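Visitor: Sending over a structure as structure tokens; questions will come in a sec.
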Amino acid sequence: MIAFFISISVFTAWLDNLIRDMYGVKPGVKLEGRDVSGMLREEVKALVMEMAMQEWRLPKEPELDKITGRIIPEEPGVTVDVLTTVNNIMHAQANQTVFLTRNSIPSKYRSEDLEGLKSIGAYSTYIYGSKQRSNNILLASAAINNTVIWPNQVFSFNEVVGPRTPERGYEPAPVILMGANNYDYGGGVCQVSSTVYNAALEAKLKILERHPHSKPVHYVPKDRDAAVAYGGNDLRFLNQTSGPIIIKSQVSEGRVWVSILGEEKGK
């Protein structure tokens, strides 16, 4: 009985080797340095798909360095043509090296699209209050500085600025909560969002979300404020123009300055 099972095992191994010799990849063939000799088509396909997933990359659109404003060039994405790669392997001659068939995916926009933009809307507000409040304003302003918004993209203040937590440098400062003055981390950030809101109005961008405070604020005129709270109220607007816009924001001379750059109308 043992001899019978050994015979079956030997026969199975012999048959497998025969099939691989007849239909598998030729001896010595390598896929980017990886030996694929004798592999059958489905095995090759599984390997190529695994490698393709590791190679896959979306294109990166050009952007601006948040600190310097320098243009960071676009980068193409990468996909792998699995079928072509598998066919190349299966038809490769002995000892041949085959490479993944990579396809480049161009970015939608180019660095040149961010050049030569002019101010289409600007606004500034005077800073008042404690050192902690001024610190929070400085952090939020720096977070939105040099933000690029492409056509038909939506700017979200909360998404760009992120959570206002002590781990990220924010400090307790006065805030308006449910109609009353209180202290919370990030107090003062609403002055930045309100300044951005007014600049967006000047630029005639489409406002999608904006919330007033529950009581008047003193840094912008009535009904020109924009209250924000991470995970809650947000300021969102759409770039409905035909080109990119850039948000520039800085704190200097006791003010928050926001300018929105874009293509001048009529160009």
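The values are calculated or read from the model by the stated rules, or taken from the named source; none is laboratory data. Note that the coordinates shown come from a computational prediction; the quantities given were computed from them, not determined experimentally. Cβ sites come from the backbone with ideal geometry, for glycine too, and all protein chains shown count toward neighbours. Side chains included, ligands, DNA and RNA excluded: accessible areas come from the protein's heavy atoms. Shrake-Rupley method; radii C 1.70, N 1.55, O 1.52, S 1.80 Å.
Visitor: Could you size up the charge dipole of the chain around its Cα centre, putting +1 on the beta carbon of Lys and Arg and -1 on that of Asp and Glu, and report it in debye to the nearest 20? Could the numbers behind the result be given before it?
Guide: Details: 29 positive and 29 negative charges, 153 e Å.
Magnitude of the dipole: close to 740 debye.
Visitor: Can you give the longest run of the chain that contains no chymotrypsin sites (Phe, Trp or Tyr not before Pro) sitting in a DSSP loop with at most 13 other Cβ atoms inside 10 Å?
Guide: Details: sites that count: Trp56, Phe99, Tyr128.
Longest stretch, sites excluded: 129-267.
Visitor: Among (1) 196; (2) 215; (3) 147, which one is volume of the Cα convex hull per residue in Å³ computed from these coordinates?
Guide: Only one option fits the structure, namely (2).
Visitor: Excluding the sites themselves, what is the longest stretch of the chain that contains no GluC sites (Glu not before Pro) in a DSSP loop with at most 13 other C-beta atoms within 10 Å? Can you show the working numbers first?
Guide: Numbers: sites that count: Glu32, Glu115, Glu253, Glu264.
Result for the longest clean stretch: 116-252.
Visitor: What helices does the chain have that are whole DSSP H segments, at least 15 Å long along their own axis by Cα, and with mean Kyte-Doolittle hydropathy of 0.0 or more? Could you put the intermediate results ahead of the total?
Guide: Working: long enough: 2-23 (31 Å, 1.10); 41-55 (21 Å, -0.29); 131-144 (20 Å, 0.11); 189-202 (20 Å, 0.60).
Answer set is 2-23, 131-144, 189-202.
Visitor: Still on this structure, I have one more. Structure shown: which of Lys108/Lys131; Lys45/Lys66; Lys66/Lys204; Lys60/Lys215; Lys66/Lys206 lie over 32 Å apart, alpha-carbon to alpha-carbon?
Guide: Values: Lys108/Lys131 43 Å; Lys45/Lys66 43 Å; Lys66/Lys204 24 Å; Lys60/Lys215 43 Å; Lys66/Lys206 24 Å.
As for pairs spanning more than 32 Å Cα to Cα, those are Lys108/Lys131; Lys45/Lys66; Lys60/Lys215.
Visitor: Rg to Rh for the range 77-231: what is it, with Cα atoms only and Rh by Kirkwood? Working shown, then result.
Guide: Details: Rg = 24.1 Å, Rh = 19.1 Å.
Taking Rh as the inverse mean 1/r over Cα pairs, Rg/Rh reads 1.26.
Visitor: Also: Can you give the % of DSSP beta bridges in the chain that are antiparallel, to the nearest 5? Please report the intermediate quantities before stating the final value.
Guide: On the way: 40 of 42 bridges.
If I count the DSSP bridges inside the chain, around 95 percent turn out antiparallel.
Visitor: What list of ³J(HN,Hα) couplings, whole Hz, do you get for the range 222-230 from phi and the Karplus terms 6.51, -1.76, 1.60, once you set θ to phi - 60° and write x for glycine and proline?
Guide: Result, ordered by residue: 4, 6, 10, 9, 9, 6, 10, 8, 4 Hz.
Visitor: Looking at the chain as a GNM with Cα springs under 10 Å, which of Asn103, Asn136, Asn146 has the largest mean-square fluctuation?
Guide: Top of the fluctuation ranking is Asn103.
Visitor: Amide H neighbours of Val80 under 5 Å, at least 5 residues apart or on other chains, H built in the peptide plane: list them.
Guide: Asn103
Visitor: Among Ala173, Ala199, Ala94, whose mean-square fluctuation peaks in a Gaussian network model of the chain (Cα, cutoff 10 Å)?
Guide: Ala94
Visitor: Once amide H atoms are placed 1.01 Å from N in the peptide plane, what residues at a sequence separation of 5 or more from Thr241, or on another chain, have their amide H within under 5 Å of its amide H?
Guide: Correct list: Asn152.
Visitor: Any idea of the accessible area per residue across the chain, 1.4 Å probe, to the nearest Å²? Walk me through the numbers on the way to the answer.
Guide: Working: 15450 Å² over 267 residues.
Accessible surface, normalised per residue, equals 58 Å².
Visitor: Still on this model: Give me, ordered by chain and number, the residues 5 or more places off Val29 or on other chains with an amide H under 5 Å from its own placed amide H.
Guide: Val36, Ser37, Asn95, Gln96
Visitor: Considering only DSSP beta bridges where both residues belong to the range 14-101, give the percentage that are antiparallel (nearest 5). It would help to have the intermediate numbers written out before the result.
Guide: Details: 6 of 8 bridges.
Given both bridge residues lie in the range 14-101, the antiparallel proportion sits at roughly 75 percent.
Visitor: Measure off, as a whole percent, the carbon and sulfur share of the 1.4 Å-probe accessible area of the range 116-179, all protein chains present. It would help to have the intermediate numbers written out before the result.
Guide: On the way: 1730 of 3110 Å².
Answer for the range 116-179 is 56 percent, counting heavy atoms of protein chains only.
Visitor: Moving on. With an 8 Å Cα cut-off and a minimum separation of 6 or more residues, compute the relative contact order for the chain in percent.
Guide: Working: 540 pairs, mean separation 50.5, N = 267.
Normalised by residue count, the contact order of the chain is 19 percent.
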